[in-house]
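As structure tokens, the structure follows; a few thoughts come after it.
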Amino acid sequence: MKAMVMTRPGGPEVMDWLERPDPVPGPGQVLVEVAAAGVNFMDIGVRRGGFWSEFAYPKPLGVEGAGRVLAVGEGVRDLVPGRRVAWVYAPGSYADKLLVPAASLVPLPDAIDDRTAAAVMMQGLTASHFATEFHPIQPGEIALVHAAAGGLGLLLTQIIKLRGGTVIGRVSSADKVRAAQAAGADHVIVDREGRFADEVIRRSDGGVHVVYDGSGPATFQGSMDALRPAGTFAWFGPVLGGPAPIDVMALPRSIKLGYPVFMDHVRTTQRLRERSRQLFDWIEAGQLQVRIGGEFPLGEVARAHEAMESRTTIGKLLLIP
């Protein structure tokens, strides 16, 4: 098998090929052939040295993908060779083959192709958690979605609209406006400096019910300012750094501040498969569109990371072994 790993913390240049014999699945494990792997901003955080200190070098990269079962270990009964599957969190997914716990795999329906599955797992389940569990959007509520033209932002916008909400999307450049609008954003603000709060307040008649912000410290204060009384601030930007220390007693307007983590949405195999099935049902019904913004050969991971770090991409980036 071949895998892309990192040899030390740093930029895209620290990634390199690792070749070794194909692994043999042990009890409860499945060997899959990777058809497509998703690129996520957390992968860049790992590459920079911010996460996964428990892994030795050469350190695996990637967590998400889709493919086909090649072999199963002892005790695996619900998956068989040839079955198409997807996964959301399996370290080492930047590879052509991968060992994955059977409990972490989701069987794919025939109507969902491998690329779509690889593009929707991490960001789709994250968006589902944000809009259906962490702050369940109610009809008539107004949400501010940062990075509204990114893979997560496009899916989150659509799920909010499915639940009857209104979306104010923030994008970093004018060439991203159309993508956010196509996903259903009712208003789109172009802003790179974090000076969006006044316009959000104006467009929402006094502030939004919820902010979904993964844009790091630069937007933190503006997001807080854009909330109406008793609004919810869903902050999820650790890769770009955290805000300054917060005095809880100084939070304004009775707002609620929290850090949603998608793994809490899929903490059991049953929940993982149920939540994934909901995403697949929406896709099959034409209610959720998955936009793939770029595909790169597995050997060109550095190009994919550079594209994502440039903040110019629209939609999801994939690696194809």
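Read-outs: derived from the displayed coordinates by stated rules, not from any lab. All values reported here derive from a predicted model rather than from experimental measurement. Cβ: placed from backbone, ideal geometry, glycine included. Neighbour counts: every protein chain shown.
How large is the charge dipole for the stretch 231-288, taken about the Cα centre, if only the Cβ atoms of Lys, Arg (+1) and Asp, Glu (-1) carry charge, to the nearest 20 debye? If you can, show how the numbers build up before the last one.
Details: 7 positive and 5 negative charges, 25 e Å.
That gives a dipole near 120 debye.
Need one number: % antiparallel among DSSP beta bridges in the chain, to the nearest 5.
Counting DSSP beta bridges with both partners in the chain, the antiparallel share is about 55 percent.
With the contact rule set at Cα under 8 Å and sequence spacing of 6 or more, what percent relative contact order holds for the stretch 93-175?
26 percent
Charges only on Cβ, +1 for Lys and Arg, -1 for Asp and Glu: so what's the dipole of the chain about the Cα centre, in debye to the nearest 20?
In total the dipole reaches around 260 debye.
For the chain, what is the relative contact order in percent, using Cα pairs closer than 8 Å and at least 6 residues apart in sequence? Write down the numbers at each step before the final one.
Values: 728 pairs, mean separation 57.1, N = 321.
Relative contact order comes out at 18 percent.
Pull out the extension gain between ARG48 and ALA111, defined as 0.36 nm times the separation in residues minus the alpha carbon to alpha carbon distance; nm, one decimal.
The ARG48-ALA111 span can extend by a further 19.0 nm.
What is the gain in length, in nm to one decimal, between GLU306 and TYR57 on full extension, counting 0.36 nm per residue of separation less the C-alpha to C-alpha distance?
Length difference between fully extended and current span is 87.5 nm.
Give the cross-link partners of LYS2 among the lysines, using a straight C-alpha distance below 19 Å as the criterion and excluding same-chain residues fewer than 8 apart.
LYS59, LYS97
Is the stretch 160-277 rounded, prolate or oblate when judged by the Cα gyration tensor, a ≥ b ≥ c being the square roots of its eigenvalues, rounded requiring a/c under 1.5 and prolate requiring a/b larger than b/c?
Since a/c reaches 1.5 but b/c is at least a/b, the shape of the stretch 160-277 is classed as oblate.
Over the stretch 186-233, what relative contact order in percent results from Cα pairs under 8 Å that are six or more residues apart?
Computed value for the stretch 186-233: 39 percent relative contact order.
Want the number for VAL190 to ARG203: 0.36 nm per residue separation, take away the alpha-carbon distance, what's left?
3.3 nm
Would the stretch 44-149 count as rounded, prolate or oblate if I go by the C-alpha gyration tensor, calling it rounded below 1.5 in a/c and otherwise prolate when a/b exceeds b/c, oblate otherwise?
Here the stretch 44-149 falls in the oblate category.
Which of rounded, prolate, oblate describes the stretch 91-189, given a ≥ b ≥ c as roots of the alpha-carbon gyration tensor eigenvalues and a/c under 1.5 marking rounded, otherwise prolate only if a/b is larger than b/c?
prolate
With N denoting the number of residues in the chain, provide Rg(C-alpha) divided by 2.2 N^0.38 Å, to two decimal places. Each step should come with its number before you reach the end.
On the way: Rg = 19.7 Å, N = 321, 2.2 N^0.38 = 19.7 Å.
Relative to the rule-of-thumb radius for its length, the chain sits at 1.00.
Report, in deg cm²/dmol and to the nearest 500, the calculated mean residue ellipticity at 222 nm for the chain, where each DSSP H run with n ≥ 4 adds -39500 (n - 2.57) and the sum is divided by the residue count.
Calculated from helices alone, the mean residue ellipticity at 222 nm is -7000 deg cm²/dmol.
Which is farthest toward the positive dipole end of the chain among VAL34, MET122, TYR94, measuring Cα position about the Cα centre, with Cβ charges +1 (Lys, Arg) and -1 (Asp, Glu)?
MET122
Name the residue farthest towards the positive end of the dipole of the chain from the options ILE320, ILE292, PRO245, assuming +1 on Cβ of Lys and Arg, -1 on Cβ of Asp and Glu, about the Cα centre.
Towards the positive end, the residue furthest out is PRO245.
Dipole magnitude of the stretch 220-321 about its Cα centre, charges +1 at Lys/Arg Cβ and -1 at Asp/Glu Cβ only, in debye to the nearest 20?
Roughly 320 debye, rounded to the nearest 20.
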